[in-house]
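Everything on this sheet refers to the single structure shown next.
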Amino acid sequence: MKKRIKKILISLPAVLSIPIIIIRTLQPESSILPENILDVLALSCLVSITGLLFLVDNEEMSVKFDKINHRLSDALLFSKGNLTAIRPAKSPSIWTGFKGSMYIVNPPLKMVEASEDSYQSLVESHAERFNDDEFKMGHYVFFEKGDQGRYFPEAIPLFIKFMSDVESLAPALKQKLRISVADISAPGFTFFCGAKHVASEKGLEAVSYAITYINEEPLMYQNGFSNWAFISLNESYNSTLEDYATGLQHRSKSYAWDEFKRKYAS
């Protein structure tokens, strides 16, 4: 019953968008409506039509439209420059499309505390990444100590639980993970950086992409969830993060997935 209600609610924007699309097509002259408002509404309608797919038993088509939606989100995100701030909980597209190598430093792994549906969705999206032939390696760096709010003592066991669930859907994961644990205090930030395919005026292109969390209030909630994230396409900034991650790896032992589980699993 809940799923049926959810489908209906998601589809409502698409149904309501039909008159707007008709008006946009006819292009009536009006001094009341703001300039370009119909263009904005038309774009919103095209995205919202995705909701109709939830009323149709066509999973493949739904996946394709989700990808289009994510690409539109990326295009709008960087329409005004190569650095922006977003609410990560409201922008799932920031996590899709990574290729090559990805560097993850000081992750809190708070998604393990998400609702059952949200958790499963995250497991599936990570499995999709590791099943992608173009994704080569995820480099994770954890820390052994640090100040409260910066150091996440439960991150390693949560990581093992989460990645074990991902591995059940993506056996290739064990060849695509390298994990280090640095014996220094955790920094006051978390970041994820690597190459990613995003939509631009040139079409879909590979860019340097970084997501940074500042682990301090008010940019972080008291429960440890990030309130804001900074997204960067600036290659110099992103290279600084990558160099920091590789430097930590070189100073610490790097484990393959199976070896890491044997050492740190409780």
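The values are calculated or read from the model by the stated rules, or taken from the named source; none is laboratory data. Treat the numbers as computed from the prediction; the structure is a model and nothing was measured. Cβ placement follows ideal geometry from the backbone for every residue including glycine, while neighbour counts extend to all protein chains displayed.
Ser239 passes all but one of (1) at pLDDT below 80; (2) farther than 17 Å from Phe143 by Cβ; (3) under 20 Å from the mean Cα position of the chain (by Cα); which number fails? Against the list (1) at pLDDT below 80; (2) farther than 17 Å from Phe143 by Cβ; (3) under 20 Å from the mean Cα position of the chain (by Cα), Ser239 comes up short only on (1). Inside the range 165-222, residues that are within 20 Å of Gly247 (Cβ to Cβ), over 20 Å from the mean Cα position of the chain (by Cα) and among the hydroxyl-bearing types (Ser, Thr, Tyr) make up a count of 2.
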